[in-house]
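Asks: Let me begin by handing over the structure; questions about it come next.
The values are calculated or read from the model by the stated rules, or taken from the named source; none is laboratory data. Because the structure is predicted, anything quoted here is derived from the model rather than measured. For neighbour counting, all protein chains shown are included, and Cβ atoms are generated from backbone atoms with ideal geometry for every residue, glycine included. We work out accessible area using only protein heavy atoms, side chains counted, and drop any ligands, DNA or RNA first. Shrake-Rupley method; radii C 1.70, N 1.55, O 1.52, S 1.80 Å.
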Amino acid sequence: NRVCGGTSETALDRTVKFYKSIIEGKIIPMKSIEEAELVKVWENSMRNISIAQANLLAIICDRYGFSVKRILNGLNSKIEQFWLSLAYPGIGPGGHCIPEDIHYLIKTSNDDIKVNMGLLKEAVKINENMPQYAFNKMVKEIDKDNNKIEKMKILILGISYKANSNDIRRSQALVLFNELKKVNNNIAIYLS
């Protein structure tokens, strides 16, 4: 599906016709380019919030000693029943759109229309702290076995934000890599 806007009726009509000629999805015309852009940044902000919520769940499960996989399995039973959409915990969103668009929305909403964007700001904070959280968790788990992270050989597999992509913009794996590099020079990273 595509949402599109135009600078004029003619531009919008041409854009709609163009998309209809190349895709089979729905084409939803907006009143303006700005409306179309809001659809895009809101969608990516929703994804960012979902990822933050999943990451927060992982932190809560760690503190309680619960299995986040079991909790997510239980939540999956609600997907069809309540039309939920689950994200899964990780070290935060990467790529360009999801981690960036939320900042555009926060800034313009704060500056232009004076809307409190606290929820979005908190999602950003949770997601941007996940590489450090993952690092701390790794150190703690490694120390349990009387090992030291400083003496290990470390390999990070994959640094792009999605499979089969070489896009490493805003890669949270690179943030984690840099954190690990501070304590261990015997580290390699592989772009899969």
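Asks: Might you check whether a residue that is charged (D, E, K, R), within 30 Å of residue 38 (Cβ to Cβ) and surrounded by fewer than 13 Cβ atoms within 10 Å (Cβ to Cβ) occurs anywhere in region 142-151? Break it down stepwise before answering.
Replies: Of the residues in region 142-151, the ones charged (D, E, K, R) are 143-145, 148, 150-151.
With the extra rule that they be within 30 Å of residue 38 (Cβ to Cβ), the set shrinks to none.
Checked against the condition, which is being charged (D, E, K, R), within 30 Å of residue 38 (Cβ to Cβ) and surrounded by fewer than 13 Cβ atoms within 10 Å (Cβ to Cβ), region 142-151 yields no hits at all.
Asks: Ok, one more. What residue, among those in region 85-114 that are hydroxyl-bearing (Ser, Thr, Tyr) and touching a residue at least 12 places away in the same chain (Cβ under 8 Å), is surrounded by the fewest Cβ atoms within 10 Å (Cβ to Cβ)?
Replies: 85
Asks: Identify all residues within region 152-192 that are open to solvent by 60 Å² or more (accessible area, probe 1.4 Å), under 28 Å from residue 100 (Cβ atoms) and without any contact (Cβ under 8 Å) to a residue 40 or more places away in the chain; write none if there are none.
Replies: Matches in region 152-192: 157, 163, 164, 166, 178, 181, 182, 190, 191, 192.
Asks: If you don't mind, another one. Would you tally the residues in region 115-138 being more than 13 Å from the chain's Cα centre (by Cα), more than 20 Å from residue 162 (Cβ to Cβ) and either buried (at least 16 other Cβ atoms within 10 Å of the Cβ) or not β-branched (Val, Ile, Thr) (or both)? Write out each step before concluding.
Replies: If we filter region 115-138 for residues that are more than 13 Å from the chain's Cα centre (by Cα), which is where we start, we get 115-119, 121-122, 132-138.
After this cut, where a residue has to be more than 20 Å from residue 162 (Cβ to Cβ) as well, the list is 115-119, 121-122, 132-133, 135-138.
Those still in the list that are either buried (at least 16 other Cβ atoms within 10 Å of the Cβ) or not β-branched (Val, Ile, Thr) (or both) too: 116-119, 121-122, 132-133, 135-138.
Going through region 115-138 one residue at a time, the tally reaches 12.
Asks: Out of contact with any strand residue (DSSP E or B) (no Cβ under 7 Å at 6 or more places or on another chain), closer than 22 Å to residue 178 by Cβ and of a type in the set (Val, Ile, Thr), is that true of residue 124?
Replies: Here the answer is yes, as residue 124 does meet what is asked.
Asks: Moving on. In region 31-56, how many residues are in contact with a helix residue (DSSP H, G or I) (Cβ under 7 Å, 6 or more places away or on another chain), open to solvent by less than 40 Å² (accessible area, probe 1.4 Å) and more than 14 Å from residue 104 (Cβ to Cβ)?
Replies: Counting residues in region 31-56 that are in contact with a helix residue (DSSP H, G or I) (Cβ under 7 Å, 6 or more places away or on another chain), open to solvent by less than 40 Å² (accessible area, probe 1.4 Å) and more than 14 Å from residue 104 (Cβ to Cβ) gives 3.
Asks: Another question, if that's okay. Please determine whether any residue of region 105-128 is over 30 Å from residue 42 (Cα atoms) and in a helix (DSSP H, G or I).
Replies: Of all residues in region 105-128, those over 30 Å from residue 42 (Cα atoms) come to none.
Checking region 105-128: not a single residue is over 30 Å from residue 42 (Cα atoms) and in a helix (DSSP H, G or I).
Asks: Separate question: Restricting the first residue to region 52-76 and requiring it to be under 26 Å from residue 121 (Cα atoms) and touching a residue at least 24 places away in the same chain (Cβ under 8 Å), which pairs with a second residue that is surrounded by 12 or more Cβ atoms within 10 Å (Cβ to Cβ) and among the charged types (D, E, K, R) meet a Cβ separation below 8 Å and a spacing of at least six or different chains?
Replies: 52/122; 62/137
Asks: Starting from residues that are outside any loop (DSSP other than H, G, I, E, B) and small (Gly, Ala, Ser), keep the ones in region 134-192 and report whichever is modelled with the highest pLDDT.
Replies: Among those that are outside any loop (DSSP other than H, G, I, E, B) and small (Gly, Ala, Ser), it is 134.
Asks: Looking only at region 156-192, filter to residues that are in contact with a helix residue (DSSP H, G or I) (Cβ under 7 Å, 6 or more places away or on another chain) and charged (D, E, K, R); which one of those is farthest from residue 51 (Cα to Cα)? Spell out how you get there, then give the answer.
Replies: Filtering region 156-192 for residues in contact with a helix residue (DSSP H, G or I) (Cβ under 7 Å, 6 or more places away or on another chain) gives 156, 158-159, 168, 170, 172, 175-176, 179-180, 183-184, 187, 189.
Next, only the ones that are charged (D, E, K, R) stay: 170, 179.
Numbers: 170: 15, 179: 21 Å.
For region 156-192, the residue satisfying everything is 179.
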